[in-house]
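Okay, structure first, notes after.
The values are calculated or read from the model by the stated rules, or taken from the named source; none is laboratory data. Treat the numbers as computed from the prediction; the structure is a model and nothing was measured. All Cβ positions, glycine included, derive from the backbone under ideal geometry; neighbour counts span all protein chains shown.
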Amino acid sequence: MTDVIVIGAGAGGAVVAKELAERGLDVLVLEGGPHHTDPENTWTRFENDCTELTRGYLRYGPGDRSKPWWLRETPQNSLIWQVSGVGGTTLHYYGNNPRAMAGTFMGYDGADKDAYDTAHPFPFTYESFIPYYEWVEYTLPVQTAAMGTKEAVFFRGCEGLGLPHNASKDVTKDSFRAQENAILQPGGTAGTTTDSAELVFPKATGCTFCGYCFQGCIEPRNAPRNLKAKRSTDNSYIPMAMTASQWRPGGKDITLVPDAFVVKILHEVLGSETVVTGVRWRDVNTGDVHEETAPVVVMAGGCVEDPRLWFNSDLPNPNGWVGKGFTDHFFDWVIGVFDEDTGSSKGVGSSARADFPGRGGLENVGLPPAIQAFSTQFSDAGIRGLYGNGLARTGEWDGDSGRLSGQEFKRIMSNVDNLLNILIITDDDVEEQNHVGLSTFPADEHGPIPKVTFKARNRSARTLANREWLANKGAELARAAGAKEVYRIDWPPLILHVQSTMRMGHSADDSVLDETGEARFVKGLFIGDNAALPNGIGGPNPTITSQALATRTAEFIFQKYFDGDPWVTTDTPIQSIDDRVTAAVLGQDQPDPDEGGGRGLPATGAGLPVLGGAAIAAAAMLRRRNGGEAPGSPDGVHDCTAARDCACKHH
Amino acid sequence: MTVTLSRRNFLARTGVLGAMAVAAQGGLRLPAAHAQGADDLLGPIFSGLNPALQQLGIDAIAGLGCFLVPGPDDYSVQQGLTDERPGAFAAENHNFLINILDFDFVPLSDTGARAMTQALVTATTDIGLPQEIIDALGPELLGGADSFDDLIIQLAESDQTIPTGLVIAMYLNFAASQVNPASLIPSPFTAPFANLTWEEKGAALQAIEEQHAGTIDMLDSNLPQPVEVTASGLIKFAIGALLEYVGFGTYTEYAMFDPDNPMVLKGRPVGWEISGFKPGDLTSGDGWDEFIGYYGDVQDVEGSWQRGEGVLSND
């Protein structure tokens, strides 16, 4: 018997685990995929070796790559891009952490209030949710992203369109900005050299602009795991959760079991209620089956696996909404071709975005060549110039939409650093037709497999209109940035931003979770990942919102089942890059707070205040929580004298 | 089992008959029609045919690769669209793709493969095959074709796994036969798809991908529920994935990757060369001198909602 079982160590499960471990609970985390404990020496970052869906080291499958991936049926042209393992799909992500559109929350009363999916709002207000954003933004930390060449090109396009710059974490009007990224910004030699010998911690701190966000972050080399640039949960929340007893008085380290695939939620019927009692899981390597009991189970296996596990566990589904309402931002893709360097294969995957409340957003995306080529072939609109598969469209781009082929394709790919990719991120509607069910294909070793259905061509009128508007806007942006040619690919569903298959809602008629994140039909069972989101959050990348919601859910768990008090509005968070965490990760003695410990400096003896940007972000949050007053000197958090290009107000 | 014209059409239209012709020229002799103990012959016959069937798969996939990324290779020459710089074939995309397909990228083993193969057989029923094509393939093979036809149908109905790469190749070839029946004559390549012109390949892909072209509809109409939508969806998924993976595979390090020395490539990948990626490098590298600064020198933003600026202010 343990206090809480968390299923999945990805973006959301890791957050619930860390928060409850910090409160001193016994937390067992079962992750179906592997734990990459030495990525610096095992991850090549070569695209086939890493990102190829069936056999790459970042795939949805067992860690033993001689075994097949875990199949999910997709009865349409589409791809699910999910990663199993500690860190989950944050191993792939670019660390983009924009907050949700306020208009997707209950009680929103802006002039544009009717522009959103008004039938499926968050069951609480945006204002009430902000402290949870701040908690996660501080913990990761989230920072305003630096520019590389491709960002400068994107911003030039935004300026050309006459969009205003948004210098805020919240979006209040059509505007552009640097991404708010969970990536430690460059310090020392990072971003200034291609010499690997110089890009070693602590000479280099934060992002080295290597261009491999999608392949998992190992930079800078020699940095402690919690000081790797990208704040995927394998670098942030999981190291914290595994060492909670060392950096938080009263905390308790989680028990993390990788290669442990949960195959059933155990439950019993007590009176009129179904109550969770534990889980059954299978050792992926040995095939041995185990059971563990707990009064609280948190499902966080992702938008596809959560419903699958629910169905395979024979849990009740009286309103039929388990697995339904899948939102995916119905991506599309616009490529600008330039006769100048765009730096597309270099730097953070994306550090620039434009937001359009009620429509969605655009962001730049830099890619190495294979995934770049993939992105130009991933289409539902046939092959440009040959056939359109019933979809070829004209607009602000050149000619018809569709795949590129032959000499045109090869010419456009002839210099990957002359391209500017723009991802169309649609504010899409919750619709029952887009859903996860069970496949008729043969079951795998973990039971019947999921079937993920998207009716891409039959989505709501608002979703389709938003997508068309954004595709045209993206093409205009590329043109304004100086693109000589602009292409629209018209992607089929790329199921990467995933939301709302176990949605939280204010109505018991069309939601699986109540407003605390607990399943309406199974007591003690919570959802702690993107699946719990009530909607597509208006288009922003969902991770920070999922993590803030997971933090909120952890608070409710602690209050309801463990008689605890909430902490987010009363306590001070500890950053994942805090000296105390670093010392714990390195197995060192805890630093003396009287000698600078806890300031976000590397606990390596180097003494370099290298994480200035992170400290700045931290200071902003602490200032606000202290009524606008800085808590110390000069701001109590960072030594800005050594933070290159520090933009703080103190000098 | 009665051998019918439709089944012979199936063999021809999927390129298998052409592969048999190539194998026969190499000395392979098929058993007489309706041989006793056909089940026992499945393994040996497939072993004998295997090189030709493998070539059938390679040809079809290589023909697809050069459609998207042409080069100076023979497959590109055949399609009438070449490029002086190396393309998919030089990048060994065909090997990359077949390896993936046979590694269950597309779940055609068991239920899927059997359903699709049976559907292909049925789908060819009503499509006549020009006599001159049959004549060109060699009448002396037809007796063998009959028996092989039986065997492949039995295989489709058995628990044995048909290599997914072969099934996909058969689909490409089937579509090729619709666009240009003359492509069935196995010259210069075994696979009909590889014998098409570039424009004809586009038409074949259109026939596969567009529902109104009938190929996928034929599949669905010949399959029982609940496999129906699954099978057609699988085709859409598989063909989409094929094209995407040609692009992906061509531009990866695949052919230059050494599992025994994984951090350093054996040489410059074709895809890196033709995309200008990391000029001169054989490793992934650790960083770029790309840092410019912060837009508007803004490095520190807070939320605006708390300042009472939360309500949308678009004009």
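Scan the range A:280-311 residue by residue and report those that are in a strand (DSSP E or B) and in contact (Cβ under 8 Å) with a residue 40 or more places away in the chain. Within the range A:280-311, A:Trp281, A:Arg282, A:Glu292, A:Thr293, A:Val296, A:Val297, A:Val298, A:Met299 meet the criteria.
Only one of the numbered conditions (1) surrounded by 19 or more Cβ atoms within 10 Å (Cβ to Cβ); (2) at positive phi; (3) at the interface with chain B (Cβ under 10 Å from one of its Cβ atoms) is not met by A:Gly402, and that is (3).
When the range A:125-149 is filtered for residues that are touching a helix residue (DSSP H, G or I) at 6+ places or on another chain (Cβ under 9 Å) and over 30 Å from A:Glu515 (Cβ atoms), the ones remaining, listed by number, are A:Gln143, A:Thr144, A:Ala145, A:Ala146, A:Met147, A:Thr149.
Each row is one residue, and each column tells you yes or no for (1) within 7 Å of chain A (Cβ to nearest Cβ); (2) without any contact (Cβ under 8 Å) to a residue 40 or more places away in the chain.
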residue: B:Tyr245; (1), (2): no, no
residue: B:Phe248; (1), (2): yes, yes
residue: B:Tyr254; (1), (2): yes, no
residue: B:Asp260; (1), (2): no, yes
residue: B:Gly293; (1), (2): yes, yes
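The residue that is farthest from the other protein chains (Cβ to nearest Cβ), counting only those in the range A:179-198 that are over 17 Å from B:Glu302 (Cβ atoms) and not in a loop (DSSP other than H, G, I, E, B), is A:Ile183. Of all the numbered requirements in (1) more than 13 Å from every other protein chain (Cβ to nearest Cβ); (2) surrounded by 24 or more Cβ atoms within 10 Å (Cβ to Cβ); (3) in a loop (DSSP other than H, G, I, E, B), A:Gly361 misses one, and that requirement is (3). Of all residues in the range B:254-279, those satisfying the criterion of being under 21 Å from A:Thr376 (Cβ atoms) and among the β-branched types (Val, Ile, Thr) are B:Val270, B:Ile274.
Per-residue answers, yes or no, for (1) within 21 Å of the chain's Cα centre (by Cα); (2) modelled with pLDDT of 75 or more:
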position	(1), (2)
B:Arg7	no, no
B:Ala19	yes, yes
B:Ala24	no, no
B:Gly48	no, no
B:Ile61	yes, yes
B:Asp73	yes, yes
B:Asp104	yes, no
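Could you tell me how many of the residues in the range A:201-232 are at the interface with chain B (Cβ under 8 Å from one of its Cβ atoms) and in a strand (DSSP E or B)? Residues in the range A:201-232 being at the interface with chain B (Cβ under 8 Å from one of its Cβ atoms) and in a strand (DSSP E or B): 2 in total.
For the range B:66-81, the set of residues classified as over 18 Å from B:Phe96 (Cα atoms), more than 9 Å from chain A (Cβ to nearest Cβ) and assigned to a loop (DSSP other than H, G, I, E, B) consists of B:Pro72, B:Gly80, listed by residue number.
Okay, residues lined up against (1) at pLDDT below 95; (2) outside any loop (DSSP other than H, G, I, E, B):
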position: A:Arg55; (1), (2): yes, no
position: A:Leu58; (1), (2): no, no
position: A:Arg65; (1), (2): yes, no
position: A:Pro68; (1), (2): yes, no
position: A:Asn77; (1), (2): yes, no
position: A:Gly85; (1), (2): no, no
position: A:Thr90; (1), (2): no, yes
position: A:Ala100; (1), (2): no, no
position: A:Asp109; (1), (2): yes, no
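Here is the figure for the range A:152-178: residues that are at the interface with another protein chain (Cβ under 7 Å from one of its Cβ atoms), in contact (Cβ under 8 Å) with a residue 40 or more places away in the chain and outside any loop (DSSP other than H, G, I, E, B) total 2. If you check A:Ile412, A:Ile422 for being touching a helix residue (DSSP H, G or I) at 6+ places or on another chain (Cβ under 6 Å) and either aliphatic (A, V, I, L, M) or closer than 28 Å to A:Phe46 by Cα (or both), only one passes: A:Ile422.
Only a single item in (1) in contact with a helix residue (DSSP H, G or I) (Cβ under 9 Å, 6 or more places away or on another chain); (2) touching a residue at least 24 places away in the same chain (Cβ under 8 Å) is not met by A:Gly61, and it is number (1).
The test for being farther than 29 Å from B:Gly293 by Cβ and aliphatic (A, V, I, L, M) holds for A:Ala111.
Residues of the range A:28-43 that are within 14 Å of chain B (Cβ to nearest Cβ) and surrounded by fewer than 22 Cβ atoms within 10 Å (Cβ to Cβ): A:Asp38, A:Pro39, A:Glu40, A:Asn41, A:Thr42.
Suppose we filter the range B:265-290 for residues that are over 21 Å from B:Gly247 (Cβ atoms), within 9 Å of another protein chain (Cβ to nearest Cβ) and either buried (at least 24 other Cβ atoms within 10 Å of the Cβ) or not hydrophobic (A, V, I, L, M, F, W, C) (or both); how many remain? Of the residues in the range B:265-290, 6 are over 21 Å from B:Gly247 (Cβ atoms), within 9 Å of another protein chain (Cβ to nearest Cβ) and either buried (at least 24 other Cβ atoms within 10 Å of the Cβ) or not hydrophobic (A, V, I, L, M, F, W, C) (or both). Restricting attention to the range A:489-511, does a residue exist that is of a type in the set (D, E, K, R) and closer than 24 Å to A:Gln547 by Cα? Checked the range A:489-511: at least one residue is of a type in the set (D, E, K, R) and closer than 24 Å to A:Gln547 by Cα. For first residues located in the range A:132-150 and facing chain B (nearest Cβ under 8 Å), partners that are among the hydroxyl-bearing types (Ser, Thr, Tyr) and not in a loop (DSSP other than H, G, I, E, B) and lie 6+ apart or on another chain with Cβ distances below 8 Å form the pairs A:Tyr133/A:Thr545; A:Met147/B:Tyr295.
Among the residues that make up the range B:218-227, is at least one of them at pLDDT 85 or above, more than 10 Å from chain A (Cβ to nearest Cβ) and assigned to a helix (DSSP H, G or I)? No: zero hits. Scanning the range B:146-202 for residues that are closer than 26 Å to A:Pro68 by Cα, touching an Asp or Glu at 6+ places or on another chain (Cβ under 6 Å) and either modelled with pLDDT of 90 or more or buried (at least 24 other Cβ atoms within 10 Å of the Cβ) (or both) yields B:Thr164, B:Gly165. In the set (1) farther than 30 Å from B:Asp286 by Cβ; (2) in contact with a Cys (Cβ under 9 Å, 6 or more places away or on another chain); (3) of a type outside the set (Asp, Glu); (4) at the interface with chain B (Cβ under 10 Å from one of its Cβ atoms), A:Lys346 fails one condition alone, (1).
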